[in-house]
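The values are calculated or read from the model by the stated rules, or taken from the named source; none is laboratory data. These numbers were taken from a predicted model, which means no experiment stands behind them. Cβ: placed from backbone, ideal geometry, glycine included. Neighbour counts: every protein chain shown.
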Amino acid sequence: MPLGRWRRRRLIPPPVRELLAHLVRAGHQAYLVGGCVRDIVRGLDPQDWDVTTSATPDEVLRMFPRVIPTGLRYGTVTVMLSGLAVEVTTFRSEAGYGDYRHPDHVSFVGDLPTDLARRDFTVNAMAMDAAGRLHDPFGGRRDLRRRLIRAVGDPRQRFTEDGLRLLRAVRLAAELGFELEAATRRALREQAGLLEHVAAERIGPELLRTLLAGHAGTGLRLMFETGLLGRIIPEIAAGASEPPSWEHLVATVERCPPDRELRLAALLHHNAGETEAILRRLRLGRPVVERVGRLVRHHREVRLEPPMQEVELRRLAARVGRDCLGPLCLLRAADLAASGAAVKAALAGSLERVGRVLAADPALTVEELAVDGHDVQRVTGLRPGRAVGRILARLLDAVLAEPSLNRRDRLEELARRLAAEPKDD
Ligand code: ATP
Ligand code: MG
C-alpha cells in the first residue's frame, strides 16, 4: 500500500532533508530520485540515496564541505553527510548511445521532466522533494501497485540505448518480486542480443544480484525464457534448453541459502567441466572462481542418507577444503530437494556432524601433521624424495581415520613401521 506524503517525508533522514533544503535555499531545484523514492513509496527504508538537482557539479562541490567527485563526466558527485553518502547528479538529458551503452553526449541543460524521462523503468523514474511531494510522470506508483517493471517510453528504443537495462529489468523483477510488463518483456526477448555490447564487468554484478534476490527464481526464469542467460552462459543453455531442465536449475538455486558462491554453484552444477572458465569470463575474481569450481566438482561426493561417517567427512574435507564442507552439504541437499527428495532431516543431521568434525579442528593436510618430511627422514633414515612423500601421505590417511594419532611420538613410530614394510615391487 503506497504511503501518503507525510509518511513518505518521515522516511527521509534529517541530514538528507537538510541537503535538499540547502540546495533549494541556494535557488536550485533538488529532488530524491531513483531507488530511494521507489523504496519510500513502498514504505521501506532506503539503502542508498540519489539526488537529482539543477545545480551543476561545481556548484555542489562548493556548497558542501565533504564532496567526492565520483563521476564528474556524468555530472555526479558524492556528498558525505554524517554516516551517509548521497549521490548528487545534475539534471541531464542524454543523446547518442553510439556504443549501445553510454550516451555520446551528456548535457546538463535538462529540467526535472527531461531527467526523469532518461531513466530506465517507471518505478525508477519518480522524484520526491524534501516535503514528500511526488513527481511521477510515467505512472511509477501505479506500476508499483500492479507489481510491474515497465520501461519509460518505448522499450525497444530504451534497450537499444543501453543494453545493461536488459539485466537491470530482470534484476529489479527479482528483487521486487515483480513481473515484466508485456511490451517490455517482448522487447527483452527480441533484443537479448544487445547484451553483446555490455562489458562482462557490468554483467557479473547484475547476475549476482539476481541470484541473491528475494525472488531469484523469478529472475532466473525470466533470464531463461527471454534468452538472456543463453547469451551470458551459453554452456548452461546447451545442457538445459528445455524447461524441465532449467526448472531444475532454478529450483536448486532457490533452495540454496542466499550465498554468492552457493548460488553460483547451484546455477552451474551441471557444468562441472566449464565452471571456472564461465566464471572467469564473468570476471568474478579468483577466490570466487576457485571455490565455486570446487563446490561444483565435488557436490556429488556428499551423501546425506545415511549421513556420512565422521571419517568420511574428514576425507571429503581433505579433498575439498574445510571451508567447503558445509556449503557442499547445502548444495547437495538443494540439488536433491529440487529433484523431489525429502532431505530436510538428513541435511540437518549432516550439518550437525560437519560442525562436530570441524570443531575438533582435525589435520586435513600433510602440512597440518605433527611431523614433517625432516622428521620422517630422521626416524626412517630415508633420503629426501618420493618415498618420504608417500609416507607422509599414508600418515595423513591414518590421521584422517583416527585424529588422535596426530602426535609426534605416534606418527614417528608409525613412519618407522611403514618404512620397514616390505615393498611389493
Ligand atoms: P539500487 O540502488 O537498489 O541498485 P537504484 O534504482 O537506486 O537501485 P542505481 O543503480 O543506484 O539503482 O541507479 C539510480 C537511478 O538511476 C535508477 O533508479 C534509475 O532511475 C537511474 N539509472 C541507473 N542506471 C540506469 C540505466 N542504465 N539507464 C537508465 N537509468 C538508469
Ligand atoms: Mg541507488
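Within region 1-42, which residues are small (Gly, Ala, Ser), within 11 Å of Ala130 (Cβ to Cβ) and buried (at least 22 other Cβ atoms within 10 Å of the Cβ)?
If the condition is that a residue be small (Gly, Ala, Ser), within 11 Å of Ala130 (Cβ to Cβ) and buried (at least 22 other Cβ atoms within 10 Å of the Cβ), then Ala30 is the only one that fits.
The set of residues in region 122-137 being surrounded by fewer than 22 Cβ atoms within 10 Å (Cβ to Cβ) and outside any strand (DSSP E or B) consists of Asn124, Asp129, Ala130, Ala131, Gly132, Arg133, Asp136, Pro137.
Residues to consider are Gly110, Gly140; find the one that is at pLDDT below 95, more than 9 Å from ligand 1 (Cβ to nearest atom), buried (at least 16 other Cβ atoms within 10 Å of the Cβ) and not hydroxyl-bearing (Ser, Thr, Tyr). Of Gly110, Gly140, the one residue that is at pLDDT below 95, more than 9 Å from ligand 1 (Cβ to nearest atom), buried (at least 16 other Cβ atoms within 10 Å of the Cβ) and not hydroxyl-bearing (Ser, Thr, Tyr) is Gly110.
The helices (runs of 4 or more DSSP H) found entirely in region 8-67 that carry 3 or more residues being more than 12 Å from ligand 1 (Cβ to nearest atom) are 14-25, 57-63.
Would you check if there is a residue in region 326-349 being touching an Asp or Glu at 6+ places or on another chain (Cβ under 8 Å) and surrounded by fewer than 12 Cβ atoms within 10 Å (Cβ to Cβ)? Checked against the condition, which is being touching an Asp or Glu at 6+ places or on another chain (Cβ under 8 Å) and surrounded by fewer than 12 Cβ atoms within 10 Å (Cβ to Cβ), region 326-349 yields no hits at all. Pairs are defined by a Cβ separation below 6 Å, a sequence spacing of at least 6 or placement on different chains, a first member in region 252-271 that is within 11 Å of Ala334 (Cα to Cα) and at pLDDT 95 or above, and a second member that is crowded, with 23+ Cβ neighbours inside 10 Å and of a type in the set (Lys, Arg); the pairs so defined are Val253/Arg263; Cys256/Arg263.
Among the residues making up region 70-81, a single one is touching a helix residue (DSSP H, G or I) at 6+ places or on another chain (Cβ under 7 Å), more than 16 Å from ligand 1 (Cβ to nearest atom) and assigned to a strand (DSSP E or B): Leu81. Of all residues in region 22-48, those that are in contact (Cβ under 8 Å) with a residue 40 or more places away in the chain and aromatic (Phe, Trp, Tyr) have Cβ atoms under 8 Å from Cβ atoms of residues that are more than 16 Å from ligand 1 (Cβ to nearest atom) and not in a helix (DSSP H, G or I), 6 or more apart or on another chain, in Tyr31/Asp129.
Total residues in region 61-107 satisfying the condition of being modelled with pLDDT of 90 or more, hydroxyl-bearing (Ser, Thr, Tyr) and within 15 Å of Val16 (Cα to Cα): the figure is 2. Please indicate, with yes or no, whether at least one residue in region 285-298 is of a type outside the set (S, T, N, Q), part of a loop (DSSP other than H, G, I, E, B) and closer than 29 Å to Ala187 by Cβ. No, there is no match, as no residue in region 285-298 is of a type outside the set (S, T, N, Q), part of a loop (DSSP other than H, G, I, E, B) and closer than 29 Å to Ala187 by Cβ. Screening region 22-76 for residues that are within 11 Å of ligand 2 (Cβ to nearest atom) and small (Gly, Ala, Ser) and picking the one that is farthest from the chain's Cα centre (by Cα) gives Gly34. Which condition from (1) more than 26 Å from the chain's Cα centre (by Cα); (2) assigned by TED's automatic domain parsing to the domain that holds Arg303 is the one that Leu325 breaks? Unmet condition: (1). Filter region 344-367 for residues that are part of a helix (DSSP H, G or I), of a type outside the set (A, V, I, L, M, F, W, C) and in contact with a Pro (Cβ under 8 Å, 6 or more places away or on another chain) and give the result. Passing the criteria: Gly349, Ser350, Arg353. Evaluation of Ala370 against the conditions (1) part of a helix (DSSP H, G or I); (2) under 40 Å from the mean Cα position of the chain (by Cα); (3) in contact (Cβ under 8 Å) with a residue 12 or more places away in the chain shows that the sole unmet condition is (1). Each residue in region 143-158 was checked for being of a type outside the set (D, E, K, R) and near ligand 1 (Cβ under 10 Å from one of its atoms), and 2 of them qualify. The residues of region 331-367 that are of a type in the set (Ser, Thr, Tyr), under 28 Å from the mean Cα position of the chain (by Cα) and within 17 Å of Leu316 (Cα to Cα) amount to a single one, Ser350.
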